[in-house]
Amino acid sequence: MKIAILFDGASAFAETPDQEIISTVDAVAVSLTAEGNSIVRIPVHPDARWIDRLRRARPDFVFNLCESIDGVAALEPAVISVVELLGLPYSGSSSWTTSLCLRKHVVNAALERSGLPIPKFAVVRRGSAIPSVGFPAICKPAAEDASIGVEQRSVVRTSRELTERVSSMLERWDEVIVQKYVEGREVNVGIVGDAVLPIAEIDFGRMPKGMWRIVTYRSKWEDGSDEDVGSAPRCPARLPATIANQLRKIAVTAWRIVGGSGYGRVDLRIDERGRPWILEVNANPDFAPTAGLACQVLPCAFYRLPLLHLTCVPAPTPDFHHAFSTGARAKLLTKHRPGGEKRSRRAARFVSDSVGFAPFRGAGCSKLSRFRMTHHLCPIND
C-alpha cells in the first residue's frame, strides 16, 4: 500500500527543530516500510500547501501523526477534517472526537452527564467570576494538550492563590478549567484497536519533597529534570484485580462516549478511598516510541503485531458505520475517490483485515484474538 504520513512540519522543521516529531515519523516510517508499504511523508504547514500534495500523492491510507500545526493543538481536528473530506482511510480518531477531547470542560460535562466519575470542575473566562470547586484545586488551560500550562503552581490551596493563578493564565488563554485536585495514585489506561492494554501508573516516588504529585509540562518535556525523574511511568501497575477491572470498564465507557477509534488513552486518579476519577480522555495520544502508550504496549509484547493492524481505522462518513461488508466498503471508498476503484478495493481489503474498528472481522482480528489469549490483553467489550 501507499501510505502518507502526516505530521506537524512547522514544528518539526522550525528554527529549533522538534526532534521528538522527527524521530516518531522516522520510527513509524521504518515500521510501515518493513511491512511492505511505500511511504510518502507530508509535513503540515499553516499555508495549506500540504493539502495539494496529499491529493497529488493519492495514497491508499493516511497515517496521521499531526497533533498540531506549528504547535497549536486546536488545529489538530482541522487536519483530520481535510482527510475526511478527501474520503481517505486514516489512523486514529475522527475530527469530531479529537475536537471534543481537546475541550476539557466540554468532554467532562459529557462524561459526567453519562454518570462517569469526574472531579468537580468549572470553566473560567475573562470577566467571569471564579467558581469554588473546593481545595486543593488544579488549574489548566481548557483547550490544550501535552500538559501545556500545567506547572507545580497550577495546584492551589486558597482562594487567593486560585485568583492569582487564574488571572495569570487568562492573560495567555481564553478559557481555564478549575478542577478539584484528587490526591492519590495516577494511572493510564491505553486502548489500541479493540483491546485494552495493561494499565500503567505514574510513579511519584522520586518526586522532590514539597512538590505536588502531578504530571507537569516539565515532567513530559524536560528530560532529566526533577519533575521528570519524579514522575516515571511504570507498567504494568500493581493494582488489586477489582480496581483494575473497574478502571478498564470506566475507560472503555468513556472511550465509547467520545467516539474514540484506533488508539487512545484515558488518564485517571485513584483517591485515598480507592475511588477512580477520570482526568482526561486522550484521542490520538503521543505515538513516540518512548511515550506512555509505548510503555503500555511493551509489557504484553503487543508490538509484535504489524503497526497497521494495531492503529488503523477508515475515514468515517455518514453511512460508513452501516457498511460492514468488504464489498460495500470498497464501493463507499470509491464513491469518495473518483477514479480510485482499484486503490479503494485494496484499502478496503486492508481495513477489513485491521483491528482498529470493532465491526471488522478478518485475518487481523484473528491474529489479535490469538495474541490476546497468549498475552492477556483485555477485549474492549469485556
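3J(HN,Hα) couplings calculated from phi for segment 108-116 with the Karplus curve 6.51 cos²θ - 1.76 cosθ + 1.60 (θ = phi - 60°) are, in sequence order, 4, 5, 5, 5, 4, 5, 7, x, 7 Hz; Gly and Pro show x. For the set Lys120/Lys140; Lys220/Lys249; Lys104/Lys209, the pairs lying more than 21 angstrom apart at their alpha carbons are Lys220/Lys249; Lys104/Lys209. Each other residue within a Cβ distance under 14 Å of Pro119 adds +1 if Lys or Arg and -1 if Asp or Glu, for a net charge of 0. Seen from Arg265, the other residues with C-beta closer than 10 Å to its C-beta sum to a net charge of -3, counting Lys and Arg as +1 and Asp and Glu as -1. When only Cα pairs below 8 angstrom with a gap of at least 6 residues are kept, segment 1-46 shows a relative contact order of 61 percent. Sorted on the mean count of surrounding Cβ atoms within 10 Å across their residues, most packed first, peptides 123-134, 40-51 read 40-51, 123-134. Sorting 171-178, 276-283 by average packing, meaning the other beta carbons within 10 Å per residue, from highest down gives 276-283, 171-178. Per-residue Karplus couplings for segment 159-164, computed as 6.51 cos²θ - 1.76 cosθ + 1.60 with θ equal to phi - 60°, are listed in order as 4, 5, 4, 4, 4, 5 Hz, Gly and Pro entered as x.
Taking amide H as placed 1.01 Å from N in the peptide plane, the amide H of Tyr181 sits under 5 Å from that of Ala137, Ile138, each at least 5 places away or on another chain. Compute the signed sum of charges (Lys and Arg +1, Asp and Glu -1) over the other residues within less than 14 Å, Cβ to Cβ, of Trp173. Neighbourhood net charge equals +1. Amide H contacts of Phe13: Asp18, each under 5 Å away and 5 or more positions distant or on a separate chain (H built 1.01 Å from N in the peptide plane; Pro and chain starts excluded). Compactness of segment 1-150 was expressed as the Cα radius of gyration divided by 2.2 N^0.38 Å, which yields 1.24.
Taking amide H atoms as placed 1.01 Å from N in the peptide plane, the amide H of Asp203 lies under 5 Å from those of Ala232, Arg234, each 5 or more residues away in sequence or on another chain.
Distance from the C-alpha centroid of segment 81-103 to that of segment 55-79: 9 Å, rounded to the whole angstrom.
Expressed per residue, the C-alpha convex hull volume of segment 158-235 stands at 153 Å³. Panel note: the C-alpha atoms of segment 85-153, placed on their principal axes, show extents of 47, 28, 25 Å (largest first). Calculate the tail of P(r) for segment 120-180: the fraction of all Cα-Cα distances greater than 19 Å, expressed in %. Roughly 15 percent, once rounded to a whole number.
Sparse packing (at most 12 other Cβ atoms within 10 Å of the Cβ) combined with a DSSP loop state is found for none of the chymotrypsin sites (Phe, Trp or Tyr not before Pro) in segment 174-246.
Among 96-104, 113-121, sorting by the average number of other beta carbon atoms lying within 10 angstrom of each residue, highest first, gives 96-104, 113-121.
Computed from phi, the 3J(HN,Hα) profile of segment 124-132 under the Karplus parametrisation 6.51, -1.76, 1.60 (θ = phi - 60°) reads 10, 10, 4, x, 8, 5, 8, x, 9 Hz, with x in place of Gly and Pro. Among the trypsin sites (Lys or Arg not before Pro) in segment 198-293, those located in a DSSP loop and surrounded by at most 16 other Cβ atoms within 10 Å of their own Cβ are Arg206, Lys209, Arg238, Arg273.
Read the figures in this text as sums done on the coordinates, not as results from a lab. A quick note: this is a predicted structure, and the numbers were derived from the prediction, not measured. Glycine gets a Cβ as well: all are built from the backbone with ideal geometry, and neighbour counts include every protein chain shown.
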